[in-house]
Each structure stands twice: as C-alpha cells, then as structure tokens.
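Accompanying notes for the structure given below.
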C-alpha cells in the first residue's frame, strides 16, 4: 500500500500553487504612509484611540477571519490607535458582519442603542451590505441597513483586511 501511494505521488507531481511573491519595497512604503495617515486622522477626529465593537448577527465567519487578520503584526491596527472592545458602552464604531438573523435582531439593536453618540456603523461583507446568499426570509432580516442606519459598507466575500481598514477610515470622515 505505501509503495503504491509513493508511486502515485511521484507520477502526479506537485499540485499546489506557488507561494505568493512579496511586493516590492515601494509597496511597503505606501502601506506605512497610509498607516501613518490613519493614525493621525484618528487622533485628529477623536483625540484618542478608536474603540470598535464587532458584532456577528449571522455570518459564515469569513469576514471575522479577515477582521482577526487586522490584529496580526502585518496590519497592526492597535499600533494605529484602533482597538476592539467588549462593551458597546465604550465603542465609537460598530462593525457588523453578515446578514442579520431574526434571532439576533433585538441583540443588535440593543448593542447599537447602548453606544454613546455619535454612533458609527460599518457593514462588512456582501451579506452585511445586501444580504448575500441568505437574502431576506422568515429567518433573516437581510442587510444590516434593514435594521440599523449604516454609515459605510465594504463589499466582498470576504473583503480583504485592508479594505475593512479603509472602510473604518471612511466612517471617521
């Protein structure tokens, strides 16, 4: 049995994609300049760190993975003056992913109402922007704007971390 598998592996060869090549140094400088601009903009608008409360009222978790990537060393959003908070009472911005399920509608509204003014809302992903594959039904209210006023929408399934960061920046303006 093992010899048969080894022969098959040798016959088929490598089927994976090649590793992505890193961008050039000019791309890194552009990213660093954008990060510096974001940090300065947050301090100019708020005078302190931006606090985000993230809520998932019914998504597939694809957008959450991209949001978690914002915390890795490459994007380092905490270094930009952006932090995630557990309480909506401490939040400046509500980041909502996925369609709003019927069971989560009341919880999402309570979260929004608990936020201090001004209340900023960013809908993330195709499902948050237009209901995605879930749409509207007896179990789903569809897009976030059907339940809450949305300031910025960032499409994609899922949107890349940089697009989420840019949407947060647009919401601050």
Of all C-alpha pairs within the chain, those more than 30 angstrom apart amount in percent to 29
Ordering 53-64, 34-45 by per-residue average of other C-beta atoms within 10 angstrom, highest first, gives 53-64, 34-45
Output row, site residue 137, 7 Å Cα→C-beta label point, backbone N cut-off 18 Å, window region 41-67, residues 57-61
Fewest-first ordering of 16, 111, 97 by Cβ atoms within 10 Å yields 16, 111, 97
In the chain the DSSP beta bridges are antiparallel at a rate, in percent to nearest 5, of 10
Two pseudo-spin positions, 7 Å from Cα along C-beta at residue 35 and at residue 90, lie apart in nanometres by 2.4
Expected sort for 93, 6 with the fewest Cβ neighbours (10 Å cutoff) up front is 6, 93
Going fewest to most other Cβ atoms within 10 Å around each Cβ, 52, 9, 164 line up as 9, 52, 164
Among 79, 47, 131, the residue with the largest mean-square fluctuation in a Gaussian network model of the chain built from Cα contacts under 10 Å is 47
Here the relative contact order (percent) of the chain, from C-alpha pairs under 8 Å and at least 6 apart, is 20
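No value in this document is a laboratory result; all are computed from the given coordinates. Keep in mind that what you see is a predicted model, and the values were worked out from it rather than measured. With ideal geometry, Cβ positions are generated from the backbone for all residues, glycine too; neighbour counts draw on all protein chains shown.
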